[in-house]
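Only the coordinates and a few stated rules stand behind these numbers; no lab work does. Since this is a predicted model, take the numbers as computed values, not measurements. For neighbour counting, all protein chains shown are included, and Cβ atoms are generated from backbone atoms with ideal geometry for every residue, glycine included.
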Ligand SMILES: *Cc1c(COP(=O)(O)O)cnc(C)c1O
């Protein structure tokens with residue numbers, strides 16, 4: 001952000017006239033939508049603020065309905081690796097829309113995107129497109145159950161795989177933010193086949209695998225829904241080994257890490273390959289698309305080739321396919337080098353700013369992902385993430401908003417720097433963050 005237009009009211013203001021349009025929309029929204037939002041974390045309740053209503057965005061800048069500008073590190077929670085309104089993506093989507101937005105019949109563009117994904121992601125021979133990561137993860141579990149003839153799945157506390165019933169047990173993300181221990185409305189039947197253990201706990205993993213026969217072990221190989229909590233050394237290898245010994249399929253949910261940390265996601269970085277991979281967010285380039293895939297013998301169990309049913313009215317729709325293809329075809333080695341160096345600059349700067357205050361902070365990052373934990377050590381599991389100083393984190397996020405920085409309003413989410421975040425923007429962010437650290441230290 002290079003200009004200095006006013007942002008959200010300046011330090012300390014929570015409800016000035018500068019928020020008048022947002023507040024008016026919020027009161028209308030609350031009348032017709034639960035909490036005034038269509039997805040919970042947007043409500044900003046965990047940092048005790050009202051949601052921003054957005055009017056437009058471009059590059060790394062997002063503008064609310066009151067004309068306040070922010071540097072955006074939410075970036076729609078992951079899809080926008082190129083930043084907002086990237087010109088090639090707009091062109092591709094505009095051309096697709098002019099030719100009809102959906103036909104419910106196959107098109108060339110979905111074949112092209114499927115080929116591009118299969119080419120880049122290790123272990124994939126075939127994929128099936130869906131419209132959301134929730135659907136893709138749910139369908140991958142269904143496929144694993146069908147392939148193994150088993151019911152139980154193993155997941156990790158604080159891992160989010162969308163909101164389907166059997167995966168909503170001990171999930172992080174919005175559930176963590178709302179401090180809801182699961183969800184009412186999920187039947188005992190749906191949750192009793194889900195075994196949950198702590199992330200990075202090799203002993204719990206071995207014990208669970210001795211006790212149960214699993215259809216699948218499902219993991220975010222780079223968990224980012226309890227904040228960013230990378231696997232400890234060898235843990236992904238242990239997952240692979242235990243799955244093999246158990247006769248379970250290993251499912252990597254790379255909805256966030258896919259195409260973000262490398263073209264082949266965390267599989268490429270770690271060298272550990274799963275049996276099924278779930279993709280989302282970046283594969284839709286900012287439109288609704290996701291996918292699950294794996295080797296041919298597994299994917300051929302899906303209808304109409306096999307009898308595992310899964311379908312979708314808008315699956316593979318041409319707008320989302322065009323946006324996805326326009327996005328991932330720009331992600332070459334230079335792009336990842338740039339994103340890694342942008343993230344490192346942000347990491348270094350935040351770390352330096354944090355060490356200049358008395359606040360206990362840990363910065364964790366990977367290419368394109370970062371979390372500032374309010375704890376003196378980086379958490380290695382969900383319990384530790386929950387033990388962070390959530391009040392201080394919330395105060396810091398409010399301080400950032402007051403200074404024109406829109407960071408994820410929850411300790412249990414990651415920042416999403418994009419290729420549109422340039423060095424001056426990162427440096428301005430670090431300066432604002434340092435100010436906000438000082439402000440909360442003197443609270
Ligand atoms: C966002 C997310 C999902 C769910 O994707 P939706 O498109 O929101 O349904 C699943 N898994 C992970 C790891 C995610 O981050």
>> Being surrounded by fewer than 22 Cβ atoms within 10 Å (Cβ to Cβ), assigned to a loop (DSSP other than H, G, I, E, B), touching a strand residue (DSSP E or B) at 6+ places or on another chain (Cβ under 6 Å) and touching a residue at least 24 places away in the same chain (Cβ under 8 Å) narrows it down to one residue among 150, 145; which is it?
In response: 150
> Which one of 159, 85 is within 12 Å of the ligand (Cβ to nearest atom) and under 30 Å from residue 44 (Cβ atoms)?
Replying inline: 159
> Can you pull out the residues in the range 284-305 that are over 14 Å from residue 93 (Cα atoms) and touching a residue at least 12 places away in the same chain (Cβ under 8 Å)?
Replying inline: 290, 291, 292, 293, 294, 295, 296, 298, 299, 300, 301, 302
> Restricting the range 121-139 to residues that are over 17 Å from residue 267 (Cβ atoms) and not in a helix (DSSP H, G or I), which is nearest to the ligand (Cβ to nearest atom)?
Replying inline: 132
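Table: residues versus (1) crowded, with 20+ Cβ neighbours inside 10 Å; (2) assigned to a strand (DSSP E or B).
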position: 360; (1), (2): no, no
position: 365; (1), (2): yes, yes
position: 371; (1), (2): yes, yes
position: 377; (1), (2): no, no
position: 385; (1), (2): yes, no
position: 392; (1), (2): no, no
position: 397; (1), (2): yes, no
position: 400; (1), (2): yes, no
position: 408; (1), (2): yes, no
> How many residues, within the range 32-53, are without any contact (Cβ under 8 Å) to a residue 12 or more places away in the chain, more than 16 Å from the ligand (Cβ to nearest atom) and surrounded by fewer than 15 Cβ atoms within 10 Å (Cβ to Cβ)?
Replying inline: 3
>> Name the residue that is farthest from the ligand (Cβ to nearest atom), counting only residues in the range 280-298 that are within 24 Å of residue 241 (Cβ to Cβ) and touching a helix residue (DSSP H, G or I) at 6+ places or on another chain (Cβ under 9 Å).
In response: 297
> Can you spot a residue in the range 179-195 that is in contact (Cβ under 8 Å) with a residue 40 or more places away in the chain, within 25 Å of the chain's Cα centre (by Cα), within 16 Å of the ligand (Cβ to nearest atom) and within 23 Å of residue 281 (Cα to Cα)?
Replying inline: no
> Any residue at all in the range 269-277 that is under 20 Å from residue 212 (Cα atoms), assigned to a helix (DSSP H, G or I) and away from the ligand (no atom under 16 Å from the Cβ)?
Replying inline: no
> Yes or no: residue 236 within 16 Å of residue 122 (Cα to Cα), within 16 Å of the ligand (Cβ to nearest atom) and in a helix (DSSP H, G or I)?
Replying inline: yes
